[in-house]
Structure formats: C-alpha cells, structure tokens
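The values are calculated or read from the model by the stated rules, or taken from the named source; none is laboratory data. Quick caveat: nothing in here was measured; it's all calculated off a predicted structure. Please note: Cβ atoms are built from the backbone with ideal geometry, for glycine as well, and neighbour counts cover all protein chains shown. Note: areas computed on protein heavy atoms with side chains; ligands, DNA, RNA excluded. Shrake-Rupley method; radii C 1.70, N 1.55, O 1.52, S 1.80 Å.
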Protein chains: 2
Amino acid sequence: MVVVPASAAARGPEPPDEPAAEPRWLSTEERAAWMPFAALLFRLPAALDAQLQRDAGISHFEYMVLASLSEAGDRTLRMSDLAAMASGSLSRLSHVVSRLEARGWVRREPCPSDGRYTYAILTDAGFRKLAAIAPGHVEAVRALVIDALNARQLRQLGDISEIINGRL
Amino acid sequence: MVVVPASAAARGPEPPDEPAAEPRWLSTEERAAWMPFAALLFRLPAALDAQLQRDAGISHFEYMVLASLSEAGDRTLRMSDLAAMASGSLSRLSHVVSRLEARGWVRREPCPSDGRYTYAILTDAGFRKLAAIAPGHVEAVRALVIDALNARQLRQLGDISEIINGRL
DNA sequence: CGCCCATAATTGACAGTTCAACCAATCCGG
DNA sequence: CCGGATTGGTTGAACTGTCAATTATGGGCG
C-alpha cells in the first residue's frame, strides 16, 4: 500500500499560508513500518477468508457469527449484540443470518418479553458444522501468524493492536 | 474475532487416533494477542476506507491504483503489474479501471510492441485528484497508527508485518 | 389513554466483487 | 508456417454488502 504519491512528496512542504496546513508526510522509518503493515492489512484477511471459503464454503464473517453464537450461553444472542460481536452492521447480519437459516445452521426466534428483539440461535447442525471447521481455521491462524512469531513478538503484536484499537 | 468455539474447546484434546490430528487450540497468551489483532484486522481497513470514501468518494483500492500509477515512471503500468501492486485480481482491476476511466482519471492504451499488454495511464486530472486526496489519507494513517505508537513500537510493527508477509 | 419518538430488525434497490467463460495476441513444437 | 497451448485482459452473471426506507414494538409525557 502506498500513502504518499512519489511525485507529490518530491515537491516538498507547501508554503505556510496554505488553507489546509501542509501535510506531514511519512518519514523514511515511518514508511518502512507502514508499508509492510499496510500490505499485511490487505493480504492476511484475504488469506484467512480464502482458507475458510475453500475448506468450509463460508466467509470469515459467517464464521464469526457461528463462533460468537457458540460462545454465548445457550447458543443464543440478540441480533444487535451479535452484529457488534462480529463487527458488522445489523443490516449485513440480517442478510447473513437469513442465509445461515436457509442452510439450517441458525434459527430466529422473537424475544417473548420485548417484541423488538430477535434472538439468533445456533442449531445443533450449526454447532456441528462449526466444530468441523474450527480446527482448520485455528491451523491457518497458527501457520500464518502465531507460529511465525516468538513469544515476545506475539506479546508486542497484542499490545500494539490494543493501542490502535483504542483509536477506533 | 473468535477462533475457538468455547464449548468445543472445553472438551479438551481429542483421542489420539482421530483421522485428523487433534487441533492445537490457542493458549491463553496466544488468544490474548490474537483477539485484539484480529479485531484490528477488521476495523482498521474499514476505518481507512471510510475516511477515503467520505473525503474523496473513492475506495481504498481505487486509491491504491492511483497511487501506484503515480509512482511509476511516466505514470504508466501494465494492467497485470498494477493488479499485483494493488493486491487485487486482474478482473477486479479491469472493472475499477473502467470506472476510473469514466471519471477521467485513468486511460488505457494498448502496448505497441505486444498487443496482449494493456497500459493503464494516470491522466493529469487523475494526478491532481490524487494530490488533493493524499494529505487527508496520510493524516488518517498518522492519527490511527503512526502517531499512536512510539518509535520502538513502530519498528516492532514493521518487523512483525514483514515476518507474517513472508508466510503469504 | 393517545400520541410521538426511539430502538430493533427487515427489506429492496443499487454498487462492487468474484467467478467462470470468453477473446485476442504471442509463443513454440512439429 | 501452422495449430495448439499460454498469457493478458475483458465481460457478464451471480452473489454480497451497503444504504436508505419501512415496519413493528416499546417507552415516555401530556
């Protein structure tokens, strides 16, 4: 990934009376860190998605939905909570759950006490599917990330991720 | 993001005569690093995309296409090279370049010496557009990543990213 | 109570991506 | 040279995600 168009950067800082302050271009060290990280941001999700698609025929987002449900007590979550856990919009989740429902892995049920809420519930078939998929996914995560780093680097990565997450 | 479905993990390792070797679930420390990183992998690209979409009306991928062209000598690249630089499929690139062409920022030209190749060329209008967009994008990258970390962390992030990239 | 607003979720239309089929130019073995 | 294989690129259909509009329920206030 590229942040600074080369020829634009080559022109150097703008005159100080520009309407917008002159951009603070990245230094050499900053570029040296950002460029590989930016590439990673593209390629790693794509690689993980590809593994799930190939081995299980589902997207990473669908995996997250199933996994989130499996971790909830009685495998049930409200749609909005589920959307937050899977880091997606409610609309997207609604479409996805419709597809998962059609495949028999999830079912919907209205909340008896508050009719606005809808529960998404992981079926037994859905749980079995997830149990079949999970080992392969963990293997991929290990191969690409965990086992590629030593304990210290792994801790650094976790720390750095938490810092950046704090800015979102 | 969740890798291990809780109830499945709670069952412990499988008997050793399973057809597939029992999965090596993540340890507590590994999970502690992976979960925030996985969340980052979702949210950061979304945040960068949102900034470009809001401020410039283009996707991150389109930005990469324009930026890659701007860095090439005479602002020209073959379609396949451009696809590789932008980390996307040739098909996707072809559709995107069609759109950028319609907006007047890129034009196509067949290679005179080998008719199979197609050159994508950044127009002057495209270069101006990019120059207008870049500062805002750099600002976002700074705010979310670069300025959030100290020099040591930034170096660590770069190193770690290169290691993982090496596995893709 | 009755009205209005906020919230939860769904829906449909549209834009973008992927996938497979296709075309066109070059390379290369006979 | 000729014909198949290869490579670069495009296209269209099916699918997925996004956005805005819509429905439905519940809470609060006069």
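Points worth noting:
- Inter-residue pairs, beta-carbon under 6 Å, first under 20 Å from B:A47 (Cβ atoms) and in region B:122-138, second open to solvent by 30 Å² or more (accessible area, probe 1.4 Å), 6+ apart: B:G136/B:D55
- Only one of the numbered conditions (1) within 16 Å of DNA strand D (Cβ to nearest atom); (2) of a type in the set (A, V, I, L, M, F, W, C); (3) touching a residue at least 40 places away in the same chain (Cβ under 8 Å) is violated by B:V96, and that is (3).
- Complete set of residues in region A:85-108 that are charged (D, E, K, R) and assigned to a helix (DSSP H, G or I): A:R92, A:R99, A:E101
- Hey, A:A56 within 15 Å of DNA strand D (Cβ to nearest atom), within 20 Å of the chain's Cα centre (by Cα) and not aromatic (F, W, Y) or not: yes
- Picking from residues in region A:51-63 that are in contact (Cβ under 8 Å) with a residue 24 or more places away in the chain and assigned to a helix (DSSP H, G or I), the one that is surrounded by the most Cβ atoms within 10 Å (Cβ to Cβ) is A:Y63.
- Of all residues in region B:79-90, those being open to solvent by 70 Å² or more (accessible area, probe 1.4 Å) and within 8 Å of DNA strand D (Cβ to nearest atom) number 1.
- Within region B:26-36, the residues that satisfy the criterion of being in a helix (DSSP H, G or I) and farther than 15 Å from A:R167 by Cβ are B:T28, B:E29, B:E30, B:R31, B:A32, B:A33, B:W34, B:M35.
- If you check A:L82, A:L168, A:L157 for being part of a loop (DSSP other than H, G, I, E, B) and closer than 30 Å to B:A148 by Cα, only one passes: A:L168.
- Filtered residues of region A:97-119 (kept if open to solvent by less than 80 Å² (accessible area, probe 1.4 Å) and more than 10 Å from DNA strand C (Cβ to nearest atom)): A:L100, A:G104, A:W105, A:V106
- Filtering region A:129-146 to residues that are more than 7 Å from chain B (Cβ to nearest Cβ) and surrounded by 20 or more Cβ atoms within 10 Å (Cβ to Cβ) leaves A:K129, A:I133.
- Qualifying residue in region B:158-168 (condition: modelled with pLDDT of 95 or more, open to solvent by 30 Å² or more (accessible area, probe 1.4 Å) and facing chain A (nearest Cβ under 7 Å)): yes
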